1. Criterion first (open to solvent by 10 Å² or more (accessible area, probe 1.4 Å), out of contact with any Pro (no Cβ under 9 Å at 6 or more places or on another chain) and closer than 24 Å to Thr125 by Cα) does Glu239 satisfy it?
2. Based on what the data block shows, is Leu270 open to solvent by 30 Å² or more (accessible area, probe 1.4 Å) and either of a type in the set (A, V, I, L, M, F, W, C) or within 24 Å of Thr14 (Cα to Cα) (or both)?
3. Can you tell which of Gly129, Gly89 is out of contact with any Pro (no Cβ under 8 Å at 6 or more places or on another chain), open to solvent by less than 70 Å² (accessible area, probe 1.4 Å) and under 22 Å from His225 (Cα atoms)?
4. Between a first residue in segment 76-90 that is closer than 21 Å to Asp340 by Cβ and a second residue that is hydrophobic (A, V, I, L, M, F, W, C) and part of a helix (DSSP H, G or I), which pairs have beta carbons less than 6 Å apart while being 6 or more apart in sequence or on different chains?
5. Just checking, how many residues over segment 269-299 are assigned to a helix (DSSP H, G or I) and of a type in the set (A, V, I, L, M)?
6. Output the residues belonging to segment 243-267 that are surrounded by fewer than 24 Cβ atoms within 10 Å (Cβ to Cβ) and within 28 Å of Phe345 (Cβ to Cβ).
Amino acid sequence: MLTDHELARYLELTDPAELQELYRKAYEVKLRHIGKKVSLRGLIEISNICRKNCYYCGIRSGNTSVRRYRIDAEDIIHSALWALEHHYGSIVLQSGEVVSEEFSSFIEKIVREIRTRSEGRLGITLCCGEQTPAVYERWRKAGAHRYLLRIETSDPLFYAKLHPADHNFEARKQCLRELRKLDYQVGSGVMSGLPGQTAEQLVHDLRFFQEFDLDMIGMGPYIPHCDTPLGKGIELTPEYRRKQLEIGLKMIACTRLLLEDVNIASTTALQALSDTGREQGLLAGANVIMPNVTDTSYRRGYQLYADKPALDENSEQSCSSLTEKILSIGEQILWDEYGDSRHYFKRKEL
């Protein structure tokens, strides 16, 4: 039972030896509850059309430099079935936030078709933002069983600094509650290393994960995008990259120490900061990686932050490279498995 003081101390560590000890402790907890196992989620970035105008995001509605797209349903299904054929046990369908009957039906149709054509062998996670309970229910009945809705920060005042006035912090939290009621495996996450962010705010984020009894965590270090209000004037110097990677790894480690058996993603943002970022994330306690299986012709349109890696690396190359890297650090890939959250099933047993 870690105290807030202990968590803050871990998040403020800078000594390399102490950091390695923190990561070692977190990895030991991972071994006890998860094992040397990595679950893959084939990521399909289905659309960069977004109604939100978040101050940190490269596909914010106010960014007129972005060429908007939405992939055709059959092409999305083709990518999902490619993932199945290459033994990925799960996929993630991710998009900008859109609220309309047309969009709701589009996602519902795709989920149902993937579920049918994969004969239920492919796990489906959705990451499509804030929706009504009725829409979440439709998608759940169609076959989605996990949903990721990042809160980005659990501090309402800090949230207000990162978003326009029409973005509602309480509404986002309520969506997480509705997803739980519908028996999704519920995920959320935050950004770490934001300008002006404190260790105390990050501790509050960790307590938020605990309070909402989340099943999966998808978080990453903040990386600026030049076409956003928050990113202007920030240079991606080697020292900046080092510090951002460090805070990202510390958050993974602290989350593993605190929540033990949840699924934690080692995100692409870590790889953007270091060629070995995702492997370092696994060794700090993460157990999920989301290789991009989106057709390369769309990837440049879905850049939430600067220097997103593997924009021109096709799905075959990504799979081969990632497999080699994961095996090189002694981890085992769970091919052909959903990789569901153990925490979810433990809660169901209670």
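1. Details: open to solvent by 10 Å² or more (accessible area, probe 1.4 Å): yes; out of contact with any Pro (no Cβ under 9 Å at 6 or more places or on another chain): yes; closer than 24 Å to Thr125 by Cα: no.
When the stated conditions are applied, Glu239 does not pass them.
2. Details: open to solvent by 30 Å² or more (accessible area, probe 1.4 Å): no; either of a type in the set (A, V, I, L, M, F, W, C) or within 24 Å of Thr14 (Cα to Cα) (or both): yes.
Against the criterion (open to solvent by 30 Å² or more (accessible area, probe 1.4 Å) and either of a type in the set (A, V, I, L, M, F, W, C) or within 24 Å of Thr14 (Cα to Cα) (or both)), Leu270 does not qualify.
3. Working: Gly89 fails: under 22 Å from His225 (Cα atoms).
After applying the criteria, what remains is Gly129.
4. Ala80/Ile114; His86/Cys319
5. Of segment 269-299, the ones assigned to a helix (DSSP H, G or I) are 269-273, 277-283, 296-299.
Next, only the ones that are of a type in the set (A, V, I, L, M) stay: 269-270, 272-273, 282-283.
Residues meeting the conditions: 6.
6. Leu257, Leu258, Leu259, Glu260, Asp261, Thr267, listed by residue number.
A quick yes/no check of all residues on (1) under 19 Å from the mean Cα position of the chain (by Cα); (2) of a type in the set (Phe, Trp, Tyr); (3) under 29 Å from Glu101 (Cα atoms):
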residue	(1), (2), (3)
Ala142	no, no, yes
Lys181	no, no, yes
Gly196	no, no, no
Asp213	yes, no, no
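Conditions tested, residue by residue: (1) modelled with pLDDT of 95 or more; (2) out of contact with any Ser or Thr (no Cβ under 9 Å at 6 or more places or on another chain); (3) surrounded by 14 or more Cβ atoms within 10 Å (Cβ to Cβ); (4) closer than 22 Å to Arg207 by Cα.
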residue	(1), (2), (3), (4)
Thr3	yes, yes, no, yes
Glu12	yes, yes, no, yes
Lys25	yes, yes, yes, yes
Lys30	yes, yes, yes, yes
Ser47	yes, no, yes, no
Gly58	yes, no, yes, no
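The values are calculated or read from the model by the stated rules, or taken from the named source; none is laboratory data. What you see is a predicted model; the values in this text were computed from it and never measured. Here the Cβ is made from the backbone with ideal geometry for all residues, glycine too, and neighbour counts use every protein chain on show. Heads up: the accessible areas ignore ligands, DNA and RNA and are worked out on the full protein's heavy atoms, side chains in. Shrake-Rupley method; radii C 1.70, N 1.55, O 1.52, S 1.80 Å.
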